[in-house]
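Only one structure is covered here, and it is reproduced in the block below.
Only the coordinates and a few stated rules stand behind these numbers; no lab work does. Since the structure is predicted, the reported quantities are computational estimates derived from the model, not experimental observations. In this analysis, Cβ positions are derived from the backbone assuming ideal geometry, glycine residues included, and neighbour counts consider all displayed protein chains.
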Amino acid sequence: MLLKTAPHRVWPIQVGVPVYNDSRLGSFRLNIGLILYYWLAGTVPKNQGYRRHTRTDFSERFSYLDSTELKAGYTYFDAQTDDARFVLELIDGAQAIGAVCLNHCKVTGFVEHKGQLYGAEIQDNVSGETAMVYATQLVNCTGQWSADQKNKSHCVRLSKGVHLILPKTLGNEALLLTAKADGRVFFIIPWYGQTLLGSSASDYGGDIDHLAVEPEEVNYLLSEANRVLKTVNWTEQDVIGRYAGLSVLKPSANTSLYSSSRDWELITSDNGLLSSIGGRLTSAREDAACIVDALCKNLGVNKSCKTFDKSFPWLPLGDYQQWADTTLKKAVALGIDSESAHWLLRRHGNRVSGVFELIEQDAELAERILPELPFIAADLVFCAQHEMVVHLEDLLRRRLPLLILSKMTLVELQRLAEIAAKTLDWDDDIMTKECELCMQKWLIR
């Protein structure tokens with residue numbers, strides 16, 4: 001459904017699964033698993049089916065893999081997205097139809113009357129100001145921060161995932177692998193011209209606001225990747241960027257994290273608070289529809305959510321491929337290199353015309369921000385103008401993932417801060433402070 005409603009945002013990627021002599025999942029089990037996977041997926045184009053490969057064929061296709069003890073291999077189609085852009089697009093679409101969205105604000109407390117919620121106190125994390133918001137119904141969709149609600153009547157289990165950014169190794173296909181050390185599954189994926197390695201899922205019970213990638217987690221991922229990749233021998237010095245995140249799972253008696261359910265659930269607390277627990281990005285729209293239906297029922301509104309097959313807000317009108325071909329030609333004519341143009345369309349969809357307008361006013365904005373990455377200066381300016389940027393980190397980590405895709409120098413950081421300052425009307429003191437915050441968190445490792 002996402003490939004259909006958001007081809008600019010979600011795109012297919014082929015995944016290779018090698019089968020070694022000591023693989024936890026042999027050919028028979030993998031074959032059965034892929035049959036079920038495709039059966040559950042429904043109608044899939046013939047060119048996106050799965051396929052079994054002989055040892056020789058698989059080795060030739062994935063030439064960077066160590067073929068020692070390789071028995072066979074499989075390829076199947078999955079999909080890929082930039083999760084931060086995915087969320088930003090949905091926020092923009094919500095605002096376009098009347099939602100009020102606040103950035104860098106948090107709920108500091110709930111207001112109750114006779115044991116039932118009727119509002120919440122929010123705090124602006126920039127100014128420190130507080131305000132009250134009153135509502136008949138409140139829904140907690142705060143993900144990992146659901147574990148930090150003081151008046152919660154439920155608990156959650158947190159799963160920590162670690163990802164590393166490494167130099168380009170793959171072509172356009174990804175790998176699904178099983179760690180020899182403990183049988184955990186991890187991926188090696190092409191990402192913005194670099195390689196994304198992860199994730200090493202583990203239980204987490206620490207401070208959710210100070211999540212860090214630990215040295216042993218880096219060593220684990222690098223050694224498992226080096227075991228199967230014959231063309232590299234990565235060390236910590238090769239790591240370009242790193243980041244960690246938390247997934248919310250329902251509480252479980254299972255000691256094994258992989259045995260815990262990933263199913264989504266909507267929980268109603270005694271005070272009427274609805275809490276979204278669990279789930280995945282791919283099922284988020286269906287989960288959201290369930291929340292809308294529950295809200296309508298609670299509010300006495302006889303309607304149901306109708307967004308299942310609705311196109312994403314930035315999807316261009318008409319035939320997508322024809323639009324993409326035409327728009328890519330225009331991008332190249334404006335002086336944008338073809339790789340950056342390709343990613344620009346995926347990042348902005350139909351809003352890319354706004355990026356083009358900036359280049360028409362200043363041709364230098366068509367140049368790459370950093371030579372090794374497919375992002376242009378006009379992209380940075382456009383994001384600063386239109387995507388609720390408050391801090392430099394917002395811009396350079398989440399709007400454009402530059403801070404994890406490059407080993408940026410202080411000089412480069414200051415240059416980008418100067419560009420952002422012009423758009424966001426920062427004075428020298430604010431710009432210096434923003435640079436220092438980014439430097440301490442991302443440049444000092």
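Here are the numbers:
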item	result
Packing rank of 351-357, 105-111, where each peptide gets the mean count of other beta carbons within 10 Å, highest leading	351-357, 105-111
Mean Cα-pair separation over length for the chain, i.e. relative contact order, pairs under 8 Å, 6 or more apart, %	14 percent
Whole-Å distance, taken between Cα centres, linking the stretch 2-49 and the stretch 332-368	33 Å
Positive dipole terminus of the stretch 300-392, leading residue within GLY318, VAL352, PHE382 (C-beta point charges)	GLY318
Ellipticity estimate at 222 nm from DSSP helix runs (n ≥ 4, -39,500 (n - 2.57)) divided over the chain, nearest 500	-10000 deg cm²/dmol
15 Å Cα-Cα reach of LYS46 towards aspartates and glutamates, excluding residues that sit fewer than 8 places from it in its own chain	ASP78
Integer Hz, Karplus 6.51/-1.76/1.60 couplings in order for the stretch 106-118, x for Gly and Pro	9, 7, 9, x, 9, 10, 10, 9, 6, x, 10, 5, 9
Around TRP264: net Lys/Arg minus Asp/Glu count, Cβ-Cβ under 15 Å	0
Partner aspartates and glutamates for LYS310 [C-alpha distance under 18 Å; skip if fewer than 8 residues away on the same chain]	GLU89, ASP92, GLU286, ASP287, ASP293, ASP319
Two-site FRET efficiency, LYS46 against GLU129, from Cβ-Cβ distance with R₀ of 60 Å, rounded to 0.05	0.55
Global size of the chain as Cα Rg and Dmax, reported in angstrom	23.2, 71
Only Lys, Arg (+1) and Asp, Glu (-1) charged, at Cβ; the stretch 320-443 dipole about Cα centre in debye	560 debye
The chain - share of DSSP beta bridges that are antiparallel (%, nearest 5)	95 percent
Set of lysines near LYS180 by C-alpha distance (under 20 Å), chain-local residues within fewer than 8 positions excluded	LYS71, LYS160, LYS230
